[in-house]
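*Asks:* I am attaching a structure below and will ask some questions about it afterwards.
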Amino acid sequence: MLMPDPVARPKKVARSMRETFQLRSFQSVAYITAIAYIGYFAIFPLVPLHLKVNLGAEEGFMAIFGVVELIAGALVTLVLQRLIHQYGSRTNVVIGMVGAALAVLVIALSQNMMVSLIGAALTGASWTLVSVAVLSFFTERTEPDDMQASTLWHQVVFGAMFVGPMIGSGIASLPIALTTVLIIGAGLRLLTAVLAHYGLSIFTGKRVEPIHNLRPQ
C-alpha cells in the first residue's frame, strides 16, 4: 500500500546569538529580566545583615525568617497561573516589585524581629511572583525551540544576579546607616517597577507585544 508523502515543512534558519540579541522582542525580555533581578538582588544580601546588626537576630531567627519566606512563596504559587492569565506577565512583574519594595521597607522600619516577619512573608510572595512572571514574559516573546534565546536569557539572569549585589555593596559602603540603605533599596525596587511597566517604550515610544499570548481571549 502506497503511503502519502509527508508534507515538507520549511526548516527554520538558526540565528546567531548576535542576531537573536538584536531582535526587539528579545531586547524587551532582556531589559525586563535585568532590571527585575538587579532591583531585587541589590538589596537582598543586606537584609540578613540588618537583622543581625540592628535587630540582634541570631541563627535561629534567621532560619524562621527563611521558612516564612518559603511558605509565603509556596502559597503564592497556588494562584500564580490565575494572576498571570488575568493581568499579564508584565503587570505581575510590576506588582511583585512593588511588593518587594514594601517588604524591605517593613523590614527596615520594624522595631522588633517579630514585625520583620511580615516583611519576610512579603518578600517570599513578591519574589516568587516576579521570578515566575519574568519567565512567563520570556516565554511569551520567544519561540519555544529557540535555544539561542534561552542561552542568552540565562546569561542575562546570572549577570544580573552578579551585578545586583555589587550595587548593593556599593550603596552599603557609603557613610550612611544600614536602615537608610534599605530604604534606598526600597526606592530602587519601586523605580524598577516603573521601568518594568513602561519597558522599552521609554526609549522607543512603542511597547513590544507578545509573540505568544498566554492570556485567555
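Where a number appears in this text, it was derived from the coordinates with a stated rule and is not lab data. As the structure is a computational prediction, the values presented were derived from the model and not from experiment. All Cβ positions, glycine included, derive from the backbone under ideal geometry; neighbour counts span all protein chains shown.
*Asks:* Answer with a single label: of (i) 19.5, 58; (ii) 20.3, 84; (iii) 30.9, 106, which was calculated as Rg and Dmax of the Cα atoms in Å from the structure in view?
*Replies:* Step by step, Rg and Dmax of the Cα atoms in Å for this structure corresponds to label (ii).
*Asks:* Taking the dipole about the Cα centre of the chain, with the C-beta of Lys and Arg at +1 and of Asp and Glu at -1, give me whichever of Ala74, Trp127, Tyr31 is farthest to the positive side.
*Replies:* Going by the charge dipole, the pick is Tyr31.
*Asks:* Taking only C-alpha pairs under 8 Å that are 6+ residues apart, what is the relative contact order of the stretch 91-151 in percent?
*Replies:* 38
*Asks:* Quick one: angle between helix 147-172 and the longest Cα principal axis of the chain, in degrees between 0 and 90, rounded to 10, please.
*Replies:* Roughly 20 degrees, rounded to the nearest 10.
*Asks:* How far is helix 59-76 tilted off the main Cα axis of the chain, in degrees rounded to 10, range 0 to 90?
*Replies:* 40
*Asks:* With an 8 Å Cα cut-off and a minimum separation of 6 or more residues, compute the relative contact order for the chain in percent.
*Replies:* Worked out over the chain, it gives 36 percent.
*Asks:* Please give, to one decimal in nm, the separation of the simple spin-label points placed at Ser169 and Ile64, each 7 Å out from Cα toward the Cβ.
*Replies:* The modelled label-to-label distance comes out at 3.1 nm.
*Asks:* Convert each backbone phi in the stretch 27-37 into a coupling constant with the Karplus relation 6.51 cos²θ - 1.76 cosθ + 1.60 (shift: θ = phi - 60°), then list the ³J(HN,Hα) values in order as whole Hz, x for Gly and Pro.
*Replies:* 3J(HN,Hα) across the stretch 27-37, in whole Hz: 4, 5, 4, 4, 5, 4, 4, 4, 5, 5, 6.
*Asks:* A further question on this structure: Just to confirm the number: angle between the C-alpha axis of helix 46-55 and the first principal axis of the chain, 0 to 90 degrees, nearest 10?
*Replies:* 20
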